[in-house]
1. Taking the condition at pLDDT 80 or above, among the aliphatic types (A, V, I, L, M) and more than 29 Å from V215 (Cα to Cα), does A113 pass?
2. For Q244, are the conditions met, namely being at pLDDT below 80 and either part of a helix (DSSP H, G or I) or surrounded by 12 or more Cβ atoms within 10 Å (Cβ to Cβ) (or both)?
3. If you take the residues in segment 72-100 that are part of a loop (DSSP other than H, G, I, E, B) and either among the hydroxyl-bearing types (S, T, Y) or closer than 13 Å to G51 by Cα (or both), which one is farthest from the chain's Cα centre (by Cα)?
4. Among the residues of segment 1-49, write down those that are modelled with pLDDT under 65 and either part of a strand (DSSP E or B) or touching a Phe, Trp or Tyr at 6+ places or on another chain (Cβ under 9 Å) (or both).
Amino acid sequence: MKPFQQRNPIPIAIIGLILIALGLTAAANADELPVIGSGTVYTAAFEEAAGLKDGDEVRIAGIKVGKVKEVELDGNQVLVSFYVEDAWMGNNTAAAIKLKDLLGQKYLAVEPAGSEVMDPSQTISKQRTTSPYDVLEAFRGLSETTDAIDVGQLARSFNVVSNTFGGTSEEVTGALRGLSRLSDTIAKRDAQLSNLLENTRQISGTLASRDQQLVRLMKDGNVLLAELARRKAAISSLLQGTQQLSIQLSGLVDDNQAQLQPVLTDLDRLTGMLYRNRKALGEGIDNFAPFVRQFNNTVGNGRWFDNYVCGLVLPQEGPVNPKGCDPR
């Protein structure tokens, strides 16, 4: 066998390019591969797309089983191709486009039914599919429709109708008069109504474009609320333990009332005496400072000290210095 270096490089290059092209093709169509793909591809026909787009979730009984592959127009209907992985699909399976959240994001809900396994080449007919009513699109359509209304002409039309039926019964006249006033009010408030509808359209567009961030914010809010709920249980347990401790301390005080009462009485007397003599105690501490400095100097000469404190012995023990503590 020839060494690899001695082989013709042209066939090797051609084979390498073919392998690279096959690898790129497989990577681009990885979802449709039998082993690592996203599952079996099915198709459903709908009256309208209702905001469903490629990559949206496919759910069965609320559980994600795949994703939408493609949404395309086919004559007077919309064909939705979607993947389903590891789920049984019957020959009477139904599908519906439903709202995933309040921001208008959609998902495809599949309801398997039937007695036989569904053929993937069989399309779920429009009789077994439903589409939701899109509120955001309705607001956009209302805003565009009202922008095209000539409110001045509308007001004049109502006035002409009111004048034409002016000689009829009081009930009809009152109704037409109310229509005339309504038209005048609409004409006067045209700018405000247009501004309101325009702002509504902008808000709906902003919500639709920021749905991922708002969904993430709501999920984070759920995590925060769950954490608060968990901490609430911990705080409740702490409060219950504190209540039990207070009950035990109350019982302890009740059981030892005879012993604690004299101690608390003497402690009250002591604190009262200290409070009454607080000025003298402060002066004593101030006067004690020079003695502390001299004492530190005395013991700094060695392991001994010699000191005399005048008045340390109580008077009933006898006078230690007949001349008193005055050094003069």
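1. yes
2. No; evaluated as a whole, the condition is false for this residue.
3. T93
4. The answer is D31, E32, G37, S38.
The values are calculated or read from the model by the stated rules, or taken from the named source; none is laboratory data. Keep in mind that what you see is a predicted model, and the values were worked out from it rather than measured. In this analysis, Cβ positions are derived from the backbone assuming ideal geometry, glycine residues included, and neighbour counts consider all displayed protein chains.
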